[in-house]
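Please read the structure below before turning to the comments.
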Amino acid sequence: MNILLIQPPIEDFFTTPIRLYPLGLLYAAATLHKLGCDVRILDCLTPPKKRQLPIPKDFDYLEHFFKNDPLLFKGYYRFGLSDEMIVERIKNAQPDLIGISSQFTAYFSNTKKLAELIKNNMDVPIFIGGNHATAFGEQIKQRTTAIDDVLIGPAEQALPKYLSRIDPSRFTSESIDWKSIRPMHSLLHGDHYRMGKKNYISLSASRGCPHTCEFCSVHNMFGRRMDYRDIDDIINEMHQIYIDKDVRIFNFEDDNISANKNWFTLFLERLISDPVLKNIEVTALN
């Protein structure tokens with residue numbers, strides 16, 4: 001089975017480059033690869049080209065502030081590939097199945113537009129997954145006919161169940177331990193992801209969060225129990241990426257990486273003492 005995973009373009013006043021690395025899709029790709037599928041990724045945000053758009057009518061009441069406050073954003077943009085380029089690349093890939101990332105509620109309209117664009121140009125089943133998909137799965141199914149399936153929860157659990165429904169003779173519904181696989185960084189061009197003059201990647205050391213903040217979907221996606229990777233495995237992954245992709249900035253996408261202070265202290269001590277990683281920069285924006 002040939003599966004194409006897509007990070008959609010977005011519309012906003014700005015983007016934060018370090019937030020554009022499609023880590024969730026790389027874990028989904030690793031899961032699909034382990035299940036025997038051929039996987040490719042189309043990152044519509046890289047390189048992050050932008051085209052100015054009219055400010056949406058929902059923001060009309062703020063027009064006075066946009067015009068008169070020098071600290072506010074002056075333009076609203078579409079970031080990413082054009083619709084024409086996206087359709088061309090999808091047709092060239094000839095996928096049997098398309099998966100679209102739906103992580104952020106504020107950008108779901110872009111996921112919806114992409115699904116409709118695909119359906120208007122070809123007949124390919126589309127599924128979505130991610131934090132927003134998990135939090136609002138039923139509403140999405142009711143409101144968006146271009147999306148055939150909404151996967152709930154982490155890719156390592158949701159994808160085996162989904163594929164086993166499509167073809168039970170080929171696929172098992174058994175979940176994969178996320179700590180037993182590594183995201184498929186090899187599917188991306190390393191020099192497309194840069195902060196200044198340095199290559200960066202995103203990775204995860206843990207999943208989960210013990211809190212249930214009402215504005216956050218993390219506990220829906222990964223649960224309230226903290227689940228940490230083995231420190232040696234993380235360091236080895238960083239070594240490999242440091243060498244293979246010349247990466248010098250490592251961004252941890254963990255939702256609460258320091259929840260377990262003892263684990264976090266041990267991890268930082270290992271980083272500090274590691275001779276290979278002595279010149280890197282580490283961020284953990286969450």
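The values are calculated or read from the model by the stated rules, or taken from the named source; none is laboratory data. Keep in mind the model is a prediction, meaning the values are calculated, not measured. Ideal geometry is used to build each Cβ from the backbone, glycine not excepted, and the neighbour counts take in all protein chains shown. Each accessible area value is taken on the protein alone, full model and side chains, heavy atoms only, with ligands, DNA and RNA left out. Shrake-Rupley method; radii C 1.70, N 1.55, O 1.52, S 1.80 Å.
Ranked highest first by average number of other Cβ atoms within 10 Å, how do 247-256, 94-103 line up?
Packing order, densest peptide first, comes out as 94-103, 247-256.
Kirkwood Rh and Cα-based Rg: tell me the resulting Rg over Rh for the range 54-140, rounded to two decimals.
1.08
What are the membrane-span-like helices in the chain by this rule: whole DSSP H runs, Cα extent along the axis at least 24 Å, mean Kyte-Doolittle hydropathy at least -1.0?
Helices passing the filter in the chain: none found.
Consider all pairwise Cα distances in the range 204-284 and report the whole-number % of them above 18 Å.
44 percent
Report D for the chain in µm² per second (integer): Stokes-Einstein, Kirkwood Rh on Cα pairs, 4 °C, 1.567 mPa s.
Estimated diffusion coefficient is 64 µm²/s.
What is the diffusion coefficient of the range 126-221 in µm²/s, taking the Kirkwood radius over Cα pairs and the Stokes-Einstein relation at 25 °C with a viscosity of 0.890 mPa s?
Estimated via Stokes-Einstein, D reaches 154 µm²/s.
Per residue, how much accessible surface does the range 1-83 expose to a 1.4 Å probe? Answer in Å², no decimals.
It amounts to 53 Å² per residue over the range 1-83.
With the contact rule set at Cα under 8 Å and sequence spacing of 6 or more, what percent relative contact order holds for the range 1-115?
Relative contact order for the range 1-115 comes out at 44 percent.
With the other protein chains left in place, how much accessible area per residue, in square angstrom, belongs to the range 167-286 at a 1.4 angstrom probe?
Heavy-atom accessible area per residue stands at 56 Å².
Got a number for carbon plus sulfur as a percent of the range 102-234's accessible area, 1.4 Å probe?
48 percent
Given a Förster radius of 45 Å and the C-beta distance between residue 89 and residue 225 as r, what FRET efficiency does 1/(1 + (r/R0)^6) yield to the nearest 0.05?
0.70
Within the set 91/197; 91/113; 112/245; 113/198; 112/197; 91/198, which residue pairs have Cα atoms separated by over 29 Å?
In this structure, 91/197; 112/245; 113/198; 112/197; 91/198 exceed 29 Å between Cα atoms.
At a Förster radius of 41 Å, what calculated FRET efficiency corresponds to the Cβ-Cβ distance of residue 173 and residue 76, to the nearest 0.05?
So, using R0 = 41 Å, E works out to roughly 0.40.
Going through the cross-link list 119/179; 49/74; 50/141, which pairs have a Cα-Cα distance over 26 Å in this structure?
Check vs 26 Å cut-off fails for 119/179; 50/141.
Please give the length that would be gained between residue 1 and residue 49 if that part of the chain were fully extended, namely 0.36 nm times their separation in residues minus their C-alpha to C-alpha distance (nm, one decimal).
14.1 nm
So if I take the centroid of the Cα atoms in the range 218-258 and the same for the range 53-125, what is the distance between those two points in Å?
Using only Cα atoms, the two centres lie 29 Å from each other.
Can you tell me the relative contact order of the chain? Whole percent, Cα pairs under 8 Å, sequence separation 6 or more.
It rounds to 17 percent for the chain.
What does a probe at residue 235 reach in the range 243-273, counting residues whose amide N is under 14 Å from the point 7 Å along Cα→Cβ?
In the range 243-273, the label zone of residue 235 (backbone N under 14 Å from the point 7 Å along Cα→Cβ) covers 264-273.
Divide by every residue of the chain the summed helix terms, -39500 (n - 2.57) for each DSSP H run of at least 4, and state the resulting mean residue ellipticity at 222 nm, rounded to the nearest 500 deg cm²/dmol.
When only DSSP H runs of four or more count, the value is -10000 deg cm²/dmol.
Using square roots of five times the C-alpha gyration tensor eigenvalues, list the equivalent-ellipsoid semi-axes of the range 1-128 in whole Å, biggest first.
32, 15, 12
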